[in-house]
């Protein structure tokens, strides 16, 4: 199951730096970074390696099946971030 | 090329300063070593991670472990209870080091500029946040929590934090590291309603989605949003909000359609509502609010219609503002030190080798990690200058000499081991009462532990 970034995220982007398939966004060189509320993982490209989990300083990243109850909606939010990119008026 | 370590001072041990220290000390391929001294005004490091992040967000505070790992790197030193401006000036500091990075944040706050703002019971949210987080400068403050209603002016994350802390049930606050004096005062609080006022439309709310959604998760609290204050389809179509803003509107719409459950506490979110004046004889009794309407250009204008809210506590959360440091250039309108890629001013009005990062560089925006990139950019500029030998390398003091110089200025210097002693003591106190830590809010108390022979601490 892919990994999901939940509400504790502080946009430290250590995850972006270690992701071997570059599926975490918006990284520090992307235009949306300065306004980012959090980082997101693309569930269609995540290879479940858990490298990001190790480096997250605030333990914000969870296996989708192990998302705490109150952060369940973040699975959808992570996926949606990538679906809406490219559409007009995207973040 | 430099044949000794490059010596850098970082002023401020908050996130931007600690990220800068981390970037400096994690440079693998340089022809010289780097030594970093982080100077901090308080005896305690981590800036807003300790004094700003809400106590019910312990997960975010875990970032302190990252700063601890930076502090453990060879070449890192911490000097607490040292204030630039009080103990030494920027010109001196620039002489003592090859380069200085100012990461002093934005300690001031913006004022609403409305009549009655100075009445008792009217405060900046910064004061309230610093008080409940045990910041030593604010531990003697008192807030009147005896009324039934508080008003928070502003629409950013701080406004929502303050509203949440006022409404959290006592049993939830008890498990946090909230300052003991605040825990006690909030236990006796009679506030049952918090009104949050946003001058502009919900499309311009500066709060982030995670913080907004969290309000909806509060136990025993009704959230009240007037659907007529939310933007209609035409206004949304005109502004073409991005996905982040659309999600905020969706959340607010859902709340606006809920029937209140009749919970004992409630939060009202008012949009297009501008504070006009506070009134009362000595103490705030009420706040007059003007209704705005959106203009075609995306801003707002007054409708002329007003209403009053009875309240004894008004907290304005309308933004932080940087403070000037004597001897450095300053842009009073933006509250920042003017800079290019982190380099302060130009050669004429700033010491050579002076840099900025964090809120004093770009203004008070973004979240904790935004500062990581900000500091990386500044460190890149600094290292480019060092490689090109554009820094004033002559006259720099050695690590030993500079430590002695600080000690001569202030005998109550707090070293990293001193902070570690404070940290251990606070955690121990916390463990005995089932809390993560019990913060010591008084300077004398902190110094008494950090500097065993402290003259101030012994008093």
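For every residue, the table says whether it meets (1) within 14 Å of chain A (Cβ to nearest Cβ); (2) under 16 Å from residue B:104 (Cβ atoms); (3) buried (at least 21 other Cβ atoms within 10 Å of the Cβ).
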residue	(1), (2), (3)
B:323	no, yes, no
B:328	no, yes, yes
B:332	no, yes, no
B:342	no, yes, yes
B:354	no, yes, yes
B:360	no, yes, yes
B:369	yes, no, yes
B:384	no, no, no
B:388	no, no, no
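Of the residues making up the stretch A:1-26, those that are within 10 Å of chain B (Cβ to nearest Cβ) and within 17 Å of residue A:83 (Cα to Cα) number 0.
Quick check on this structure: which one of B:246, B:240, B:283 is at positive phi and in the same structural domain as residue B:313 (by TED's automatic domain parsing)? Before the answer, list the steps.
On the way: B:246 fails: at positive phi; B:283 fails: at positive phi.
Sole residue among the options that is at positive phi and in the same structural domain as residue B:313 (by TED's automatic domain parsing): B:240.
Scanning the stretch B:213-233 for residues that are within 23 Å of residue A:85 (Cα to Cα) and more than 10 Å from chain A (Cβ to nearest Cβ) gives a single hit, B:233. The number of residues in the stretch B:236-251 being farther than 12 Å from residue A:81 by Cα, surrounded by 16 or more Cβ atoms within 10 Å (Cβ to Cβ) and within 8 Å of another protein chain (Cβ to nearest Cβ) comes to 1. Checking B:143, B:207 one by one, the residue that is within 14 Å of chain A (Cβ to nearest Cβ) and crowded, with 21+ Cβ neighbours inside 10 Å is B:207 and no other.
Output the number of residues of the stretch B:306-341 satisfying the condition of being free of Cβ contacts under 8 Å to residues at least 40 places away in the same chain, assigned to a loop (DSSP other than H, G, I, E, B) and over 30 Å from residue B:141 (Cα atoms). Qualifying residue count, the stretch B:306-341: 2. Please go through the stretch B:214-250 and pick out each residue that is farther than 25 Å from residue A:31 by Cβ and assigned to a helix (DSSP H, G or I). B:214, B:215, B:227, B:228, B:229, B:233, B:234, B:235 - these are the residues of the stretch B:214-250 that are farther than 25 Å from residue A:31 by Cβ and assigned to a helix (DSSP H, G or I). Just checking, does the stretch A:59-69 include any residue being facing chain B (nearest Cβ under 8 Å), in a loop (DSSP other than H, G, I, E, B) and in contact (Cβ under 8 Å) with a residue 40 or more places away in the chain? Yes, some residue in the stretch A:59-69 is facing chain B (nearest Cβ under 8 Å), in a loop (DSSP other than H, G, I, E, B) and in contact (Cβ under 8 Å) with a residue 40 or more places away in the chain.
So how many residues does the stretch A:42-55 have that are closer than 24 Å to residue B:64 by Cα and either without any contact (Cβ under 8 Å) to a residue 40 or more places away in the chain or more than 14 Å from chain B (Cβ to nearest Cβ) (or both)? Give the steps one after another, and end with the answer.
Applying the first criterion (closer than 24 Å to residue B:64 by Cα) to the stretch A:42-55 yields A:50-55.
Remaining after also requiring either without any contact (Cβ under 8 Å) to a residue 40 or more places away in the chain or more than 14 Å from chain B (Cβ to nearest Cβ) (or both): A:50-51, A:54.
Total meeting the criteria: 3.
Just to confirm my filter: which strands (runs of 3 or more DSSP E) fall fully inside the stretch B:17-133 and include at least 3 residues that are on the phi > 0 side of the Ramachandran plot and more than 14 Å from chain A (Cβ to nearest Cβ)? Before you say what the answer is, go through the steps one by one.
Numbers: elements: B:34-40, B:76-80, B:99-102, B:122-124.
Here the list is empty.
If you filter the stretch A:57-91 down to residues that are surrounded by 15 or more Cβ atoms within 10 Å (Cβ to Cβ) and within 17 Å of residue A:21 (Cβ to Cβ), you find that the one that is modelled with the lowest pLDDT is A:85.
Name the single residue that is farthest from residue B:158 (Cα to Cα) among those in the stretch B:168-204 being within 14 Å of another protein chain (Cβ to nearest Cβ) and touching a strand residue (DSSP E or B) at 6+ places or on another chain (Cβ under 9 Å). Outline the logic, then answer.
Kept after step one, since they are within 14 Å of another protein chain (Cβ to nearest Cβ), are these residues of the stretch B:168-204: B:172, B:203-204.
Now narrow it down to the ones that are touching a strand residue (DSSP E or B) at 6+ places or on another chain (Cβ under 9 Å): B:203-204.
Values: B:203: 18, B:204: 15 Å.
If we take residues in the stretch B:168-204 being within 14 Å of another protein chain (Cβ to nearest Cβ) and touching a strand residue (DSSP E or B) at 6+ places or on another chain (Cβ under 9 Å), then B:203 is farthest from residue B:158 (Cα to Cα).
Taken together, the criteria exclude residue A:20 from residues that are in a loop (DSSP other than H, G, I, E, B), surrounded by 13 or more Cβ atoms within 10 Å (Cβ to Cβ) and in contact with a helix residue (DSSP H, G or I) (Cβ under 9 Å, 6 or more places away or on another chain).
The values are calculated or read from the model by the stated rules, or taken from the named source; none is laboratory data. Treat the numbers as computed from the prediction; the structure is a model and nothing was measured. So basically every Cβ, Gly included, is an ideal-geometry build from the backbone, and we count neighbours across all protein chains shown.
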